[in-house]
Amino acid sequence: MSLSKQPIKGARDFYPEDMRQREYIFAVWKEVCELFGYEAYDAPILEPTDLYLTKGSEEIINEQTYSFKDRGDRNLTVRTEMTPSVSRMVAARRQELAYPLRLYSIPQCWRYERMQRGRGREFYQLNVDLFGDESLNAEVEMIEISDTVLRKFGAKRSMYEIKLNSRKLIDGFLTDELKLDKTQADTIRRLIDRMHKMATPAFTAQVENTLSPTQRDDGALDKLLAFLKADSLEHLPGSVRSHQSVDDLKRLMRDLEGLNITNAVFDPTLMRGFDYYTDIAFEVFDTDPQNNRSMFGGGRYDGLVGAFGVDPIPTIGFAMGDITLQNFLRSHGLAKEIPSTTDVYLFSVGDTVDETMGVARELREMGVGVATDVTDRKPAKKIKNAVKMGVRYALIVGEDEVQNRQYTLKNLKSGTEGKYSTQRIVSIVEDYRAG
RNA sequence: GUGCCUGUAGCUUAGUAGGUUAAAGCGUCGGGUUGUGGCUCCGAAGAUCGAGGGUUCAAGUCCCUUCAGGCACCCCA
């Protein structure tokens, strides 16, 4: 029995061409975050299991994480997300950090899930968090960053839609208006989350089931349906239209419009897992009918830092996974060929091995990335190889070149070639890199 | 975790009602062209038919199990 050549279930190998895609995505993420003044941080990939238990949901820990006991008998869990870790870090230095605090990270996370398209067990995720700004400006900033990232990848605003909702609004409606208790509210919220997947009668039946007779007589179902039907803030029932959250959402949308972010819509059915979200949440959807799914989202979670026993800090953040993003880019034809990181494929022709290596060293000293090929293979093969690797230039060192110290540089994209000194080659490569 | 579908060379697939040496294209490698790729011609390598077990004189083809992938559910932190 030979060893398996496959990576473990749900995990990916990154060969150079995959790695280039990944590096490209990370580079865009990093660039945008840094444009907005966010700074990079990192945390261990292993955390105490307790860190994830604080949010409740024991089944998630048991069934959907990689958890184990280490040799010191500690219960550890491979991180499934970054938010608990960054909250822990901020809580630990609560007093000394400078606020508003802007942090980003691109961690690899692991979730023990059943495989499906766009959902593996291992993924990278951009995490962007803003601590210490309770104003709506923070919401605007989060969404503006999300929008900027997508547009840096070449996306048009028609390719995605930003759905907005407020947990405060929903909760206020469910408890004040419908008079539901907490358990009922949780159940209803979960139902709303799934309502697009259910037939309407099934949905209403289950809602009715949750309601008490008094609530039913009170017309709670109809009120709920009227609420959920609202496709804009103006269409909300009059009774909730004066809620503070409605004003917040209105202002948020007005601000976004001011930034030309016109693809943001209010959606009262948007729920987003919702365990630690406390107020406004948003989620970005792919508008392509082939891939019409949620790509990523975020929201305000003011309670998490305080869970570590320090004074709470208002916090908002979002996270974007690399797999869903790649699906989005592909479905809209935005995926790019990324050229090799090697500038020059340098090869010998004839008995010029020493000279070839010498030229390579000379170029490297001047900052050019050089891969050498001094095998006996035919020049045709060497060029083919360079093309396959995605290298832009082939550089040929044969007898003639050695004599004149002028080497044949071939642009593999255009097919043109000429003989140049190493100095000249460096500047040609630099020009190409510059764009 | 539940249900359904899929699994043949690196890739895409063909394989007759189960019958001897499993086929093709692309790709790979070599050669025509010993200093030049994306064209063309010739040739070669490459598959214990995902794996394990069973039925049968005989299984890629039927049955069971298992692994992997896809879809729906669950979940989506």
Does at least one position in the stretch A:371-394 carry a residue that is open to solvent by 30 Å² or more (accessible area, probe 1.4 Å) and modelled with pLDDT of 95 or more? no
Scanning the stretch A:191-204 residue by residue, those surrounded by 13 or more Cβ atoms within 10 Å (Cβ to Cβ) and within 15 Å of RNA strand B (Cβ to nearest atom) turn out to be A:Leu191, A:Ile192, A:Asp193, A:Arg194, A:Met195, A:Met198, A:Ala202, A:Phe203
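Each row is one residue, and each column tells you yes or no for (1) under 18 Å from A:Val246 (Cβ atoms); (2) at pLDDT 90 or above; (3) part of a helix (DSSP H, G or I); (4) not hydroxyl-bearing (Ser, Thr, Tyr).
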site: A:Glu161; (1), (2), (3), (4): no, yes, no, yes
site: A:Asp176; (1), (2), (3), (4): yes, yes, yes, yes
site: A:Leu180; (1), (2), (3), (4): no, yes, no, yes
site: A:Thr187; (1), (2), (3), (4): no, no, yes, no
site: A:Arg190; (1), (2), (3), (4): no, no, yes, yes
site: A:Met195; (1), (2), (3), (4): no, no, yes, yes
site: A:Ala202; (1), (2), (3), (4): no, no, yes, yes
Quick check on A:Val391: is it touching a Pro at 6+ places or on another chain (Cβ under 8 Å) and within 8 Å of RNA strand B (Cβ to nearest atom)? no
Looking at (1) over 30 Å from A:Gly154 (Cα atoms); (2) open to solvent by 50 Å² or more (accessible area, probe 1.4 Å); (3) in a loop (DSSP other than H, G, I, E, B), which is the only condition A:Glu337 fails? (1)
Residue check for A:Glu257: more than 16 Å from A:Leu164 (Cα to Cα), assigned to a helix (DSSP H, G or I), free of Cβ contacts under 8 Å to residues at least 24 places away in the same chain and open to solvent by 50 Å² or more (accessible area, probe 1.4 Å): no
Which residue out of A:Ile383, A:Ile396 is touching a strand residue (DSSP E or B) at 6+ places or on another chain (Cβ under 8 Å) and in a helix (DSSP H, G or I)? A:Ile383
Residues A:Glu122, A:Glu161, A:Glu139, A:Glu134: which one is open to solvent by 30 Å² or more (accessible area, probe 1.4 Å) and under 18 Å from the mean Cα position of the chain (by Cα)? A:Glu161
Mind counting the residues in the stretch A:399-416 that are in contact with a Ser or Thr (Cβ under 7 Å, 6 or more places away or on another chain) and either in a loop (DSSP other than H, G, I, E, B) or polar (S, T, N, Q) (or both)? 2
For the stretch A:1-47, the count of residues that are closer than 23 Å to A:Lys388 by Cβ, basic (Lys, Arg) and surrounded by 12 or more Cβ atoms within 10 Å (Cβ to Cβ) equals 3
I'm told A:Asp351 meets every condition in (1) within 14 Å of RNA strand B (Cβ to nearest atom); (2) surrounded by 13 or more Cβ atoms within 10 Å (Cβ to Cβ) except one. Can you identify the failing condition by its number? (2)
Kindly indicate which of A:Asp311, A:Asp275 is under 20 Å from A:Gly172 (Cα atoms), open to solvent by 20 Å² or more (accessible area, probe 1.4 Å) and assigned to a loop (DSSP other than H, G, I, E, B). A:Asp275
Test of understanding: among A:Ala155, A:Ala185, A:Ala220, which residue is within 16 Å of RNA strand B (Cβ to nearest atom) and either farther than 30 Å from A:Ala319 by Cβ or open to solvent by less than 30 Å² (accessible area, probe 1.4 Å) (or both)? A:Ala185
Kindly indicate the residue of the stretch A:396-435 that is of a type in the set (Asp, Glu) and over 21 Å from A:Val374 (Cβ atoms) and also surrounded by the most Cβ atoms within 10 Å (Cβ to Cβ) among those meeting that condition. A:Glu430
I'd like to know if the stretch A:370-381 contains one or more residues that are farther than 27 Å from A:Met19 by Cα, away from RNA strand B (no atom under 13 Å from the Cβ) and not aliphatic (A, V, I, L, M). no
Scan the stretch A:322-344 and give yes if some residue there is charged (D, E, K, R) and closer than 30 Å to A:Glu399 by Cβ, otherwise no. yes
The condition from (1) under 27 Å from A:Ile25 (Cα atoms); (2) within 16 Å of RNA strand B (Cβ to nearest atom) that A:Gly303 misses is numbered (1)
Looking only at residues in the stretch A:84-112 that are over 22 Å from A:Arg22 (Cα atoms) and open to solvent by less than 30 Å² (accessible area, probe 1.4 Å), which one is farthest from RNA strand B (Cβ to nearest atom)? A:Leu101
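The values are calculated or read from the model by the stated rules, or taken from the named source; none is laboratory data. Since this is a predicted model, take the numbers as computed values, not measurements. FYI the Cβ positions are ideal-geometry reconstructions off the backbone, even for glycines, and counts take in every protein chain you see. These accessible areas exclude ligands, DNA and RNA; they are computed on the full protein's heavy atoms, side chains included. Shrake-Rupley method; radii C 1.70, N 1.55, O 1.52, S 1.80 Å.
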